[in-house]
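For reference, the structure is listed below as structure tokens.
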Amino acid sequence: TPLLLLAFVFATTRFVSTGIGAHLPGLLMAAGATLAAAVAVGTLVGPAQVAGRVLEFGLLRRWHPLLSARLATLGPPLGMGALLVFGLPAAVPFALLHGAGNGIITIAKGTLPLAMFGAQGYGKRQGWLSMPAQSVQAFAPWLFGLALQSSPQAVMVMSCAVSLSAVVALLLLRMPRQE
């Protein structure tokens with residue numbers, strides 16, 4: 001059902017953003033970056049989140065929130081995939097794509113359920129949609145840490161796979177018909 005797909009999307013995006021947020025410097029250093037470079041790249045995520053929200057408020061506000069959410073969920077796996085394939089030279093694009101995608105998805109978490117299901121029962125629905133996300137968020141740093149002990153590539157592959165599952169789930173959703 002659309003509600004379960006949305007809950008899955010919000011849970012997977014929160015899982016990846018929390019896991020990466022907790023381990024980004026360690027991930028980059030395990031991949032060969034210096035501490036200074038890892039911290040510098042990490043500082044780009046926050047401004048990229050703001051830029052994503054500004055993009056959502058400007059250009060993307062004309063689009064249905066489902067299209068914005070699809071675009072947002074593509075950012076993290078594209079960035080992580082680039083980091084996986086090209087290594088440290090892709091660290092800056094990774095941080096920018098990851099941050100912008102996370103910035104847009106935080107807006108979509110509020111607007112997409114409203115656009116899909118309407119205002120009736122919105123608060124209750126948001127509570128149900130956020131429960132899986134909050135549950136997996138609690139385990140994300142631990143699981144990402146375990147994967148990082150194995151290898152930085154394990155974290156990158158896990159992150160890409162989980163992120164791409166969110167993209168697929170959003171592609172399965174259809175925009176409701178306008179009356």
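Applying a 10 Å radius around every beta-carbon, put 142-154, 115-127, 42-54 in order of their mean neighbour count, most first.
Details: 142-154: 15.3, 115-127: 12.4, 42-54: 17.2.
Ranked from most to least packed, the peptides come out as 42-54, 142-154, 115-127.
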Using eta = 0.890 mPa s and T = 25 °C, Stokes-Einstein with Kirkwood Rh from Cα pairs puts D for the stretch 123-167, in µm² s⁻¹, at 208 µm²/s
Based only on Cα atoms, what Rg/Rh ratio does the stretch 1-70 have, Rh being taken as Kirkwood's radius?
-> 1.09
Quick one: give the max-minus-min coordinate of the C-alpha atoms of the stretch 92-168 along each principal axis, largest first, in Å.
-> 47, 27, 19
Taking max minus min of the Cα coordinates of the stretch 71-111 on each principal axis, largest first, gives extents in Å of 35, 13, 9
Label-point separation (nm) for PHE117 and LEU173, each offset 7 Å from Cα along Cα-to-Cβ?
-> 1.1 nm
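With a 1.4 Å probe and all protein chains left in place, how much of the accessible area of the stretch 13-154 comes from carbon and sulfur atoms, in whole percent?
Working: 4830 of 6780 Å².
Carbon and sulfur atoms account for 71 percent of the accessible area of the stretch 13-154.
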Among (i) 47, 22, 12; (ii) 31, 20, 11; (iii) 29, 17, 13, which one is semi-axes √(5λ) of the Cα gyration tensor in Å computed from these coordinates?
-> (iii)
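Using the Kirkwood radius over C-alpha pairs as Rh, can you work out the diffusion coefficient of the stretch 27-124 via Stokes-Einstein at 25 °C, viscosity 0.890 mPa s, in µm² per second? Walk me through the intermediate numbers first.
Details: Rh = 14.3 Å.
Using the Kirkwood radius from Cα pairs, D works out to 172 µm²/s.
The values are calculated or read from the model by the stated rules, or taken from the named source; none is laboratory data. Note that the structure is predicted; figures quoted are calculated from it, not measured. Positions of Cβ are generated from backbone atoms using ideal geometry, with glycine treated the same way; all protein chains shown enter the neighbour counts. Side chains are part of the model used for accessible areas, which takes the heavy atoms of the whole protein and leaves out ligands, DNA and RNA. Shrake-Rupley method; radii C 1.70, N 1.55, O 1.52, S 1.80 Å.
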